[in-house]
Amino acid sequence: MLEISGLTKSFSGFVAVADVSFTVDTRQIAAVIGPNGAGKSTLFNLITGHLRPDSGRVLLDARDITGVAPHETCRMGLGRSFQRTNIFPLLTVFENLQSAFLVHYGRGRNFWSRSESFYRDEVEALLVSIGLREQALLLGGTLSYGNQKQLELGLALAIDPQVLLLDEPTAGMSASETHETIRLLQRIADERGLTLLFTEHDMAVVFGIAQKIAVLHQGHLIADGTTEEVRNDPEVRRVYLGHGLSQ
Amino acid sequence: MSEQAESAVGMPSRAGWQVPWTLIVFLMALSLPWIGSRYDTFLGTQIAIYSLFALSLNLLLGTTGLVSFGHAAYFGIGSYACGILMKIVAVPFWLAFPAAGLIAALFAAGFGFFCVRLTKIYFAMLTLAFSQIVWAVCFKWNDLTGGDQGLPDVPFPDLGWMAALPGFDRMRIAEQFYVLALVLVALSVAALRRLTGSPFGRVLTTIRENPERAAFIGVNVRLYELAAFTIAGGFAGLSGALFGIFNRGVFADFVFWSKSADVMIMTILGGMHHFWGPAVGALVLTLLNQQITAYTEFWPFVLGTILIVLLFVFPGGILGALDVALSRMSKRRDA
């Protein structure tokens, strides 16, 4: 479903991502892990077209999306959420999601109708699904941090993606919020048949839901395999020594 | 939830019992030639035209979050286009007016193509650069624009038909033009209002709120910014066309950068986060200017002071401050 081959990106001499290749199969839940500065966010930005790689290719469902602008990769079925929450703060939760539906269904060229009446049912269904039904009328920016993360997930889901990239979906969350988010993610991925690729620093989360793990270290891919393979990889153990990987 | 959402986003249901303020204001403004003095009508024309100018800027500033420092370019291009067409080519107003909007929109599309490639202060600087180029051309191209002499004596449109209407027969041409300008401004503003509330307008709002996220829900940000820039330029051109006629001439200072600053001050003064804010700003600023220049020649000093107070005390502009005051009052009532 998602195939990455030989991706390389350097910023004025510093190699952030070096010759990284791996694949994620359809309906697979895959994680990219690595210490801070390992190049996870850069890798995500390369995949979603936010950055253009120096070399290498990204294939989405066998279509080349290397360096394709975000609004187009998005239309091809690649959704993403960000590490730093990224919503429309002065729109209500309802309007946030409704906007995504309007764009997804190509209504942006409608200059005349009132936007309020569009896609109410779709928005409502999605609000229920991500658990923000009660907050529909609040401004996005006034939500709690955890709820903003949920809203962001909703924005990524509204475009009906095949592949969903989540950059640290539980960053900054309490233990119970993390737990809830993971359950939510698992359920939604299952319901929609999503292919999921996420980065995460919480190893309990990673080993809890990922079926496949890629490990980045200083821009290089040092391991790529099932959770069991990665857990027992000597190189990974060396890099993560003292980081509680074995738990 | 659907009931909840109904009350939040269901603007239509709210409009059901709301006082039709826009209609009332329009009718009051329309009655000005009958109930006010000649001078009132003069001011009214100016306010109506500036309202449209400021509202067109706000499609960029308040709706899309684009700070254009060169909006006067399209106002000026519209007034030159209409003036030249009517005075030199002798095209009738009903053709010259839409042509002025179209020509301004075309220029906006051309300049905007480059501007939307930049963001923030660089975007603002490039809009300013283009407007100054337009000014330099208007100032120097004697054959077309009259150069520093401008284009005096732009004719009034032929309004003979209006005199045939009951109640209009004893009106002077300037007052008839006021009625025409007011109706055209109202139609343009209605279109802008409709546009702002449409799905297209919503997409512009997502760009204002978060261009990065907008791209990741599938918005082609540059394309939408360019569309907004073009439309805003077109409406600015329409207001410029009316202003050239009202002013009885078109001059290079219509395009000068200080004109762009004036319209931005109106927009911020009235409140850019409210649709009608720029119109309120145009009204207040025009009236203040008239009142204060009667007492003192230090209008810029007064204007500067007003701006400072505004930015520190009422950053949301007049309507923003009213909003806050109203919600405080209703809270107190609830308590």
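Below are the figures for this structure:
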quantity	calculated
Verdict on A:GLU116 being outside the structural domain of A:HIS201 (by TED's automatic domain parsing), surrounded by fewer than 22 Cβ atoms within 10 Å (Cβ to Cβ) and part of a helix (DSSP H, G or I)	yes
Qualifying residue in region A:34-47 (condition: surrounded by 23 or more Cβ atoms within 10 Å (Cβ to Cβ) and among the charged types (D, E, K, R))	yes
Any helices (runs of 4 or more DSSP H) falling wholly within region A:144-227 and containing at least 1 residues that are aromatic (Phe, Trp, Tyr) and over 20 Å from A:ARG80 (Cβ atoms)	A:203-209
Condition broken by A:ALA100, with the remaining ones in (1) closer than 19 Å to A:ARG192 by Cβ; (2) more than 7 Å from every other protein chain (Cβ to nearest Cβ) satisfied	(2)
Any chance B:ILE306 is assigned to a helix (DSSP H, G or I), more than 27 Å from B:PRO199 (Cβ to Cβ) and either within 14 Å of chain A (Cβ to nearest Cβ) or of a type in the set (A, V, I, L, M, F, W, C) (or both)	yes
Residue that is modelled with the lowest pLDDT [pool: residues in region A:125-135 that are touching a helix residue (DSSP H, G or I) at 6+ places or on another chain (Cβ under 6 Å) and within 9 Å of chain B (Cβ to nearest Cβ)]	A:ARG133
Residue count, region A:1-19 (criterion: within 30 Å of A:ARG187 (Cβ to Cβ) and of a type in the set (A, V, I, L, M, F, W, C))	3
Enumeration of residues in region A:23-60 that are assigned to a strand (DSSP E or B) and at positive phi	A:GLY56
Odd one out for A:GLY172, checked against (1) modelled with pLDDT of 90 or more; (2) surrounded by fewer than 19 Cβ atoms within 10 Å (Cβ to Cβ)	(1)
The one condition in (1) in a strand (DSSP E or B); (2) touching a residue at least 60 places away in the same chain (Cβ under 8 Å); (3) away from chain B (no Cβ under 12 Å) that A:GLY79 fails to fulfil	(3)
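The values are calculated or read from the model by the stated rules, or taken from the named source; none is laboratory data. All of these numbers come straight from a predicted model, not from anything done at the bench. Glycine gets a Cβ as well: all are built from the backbone with ideal geometry, and neighbour counts include every protein chain shown.
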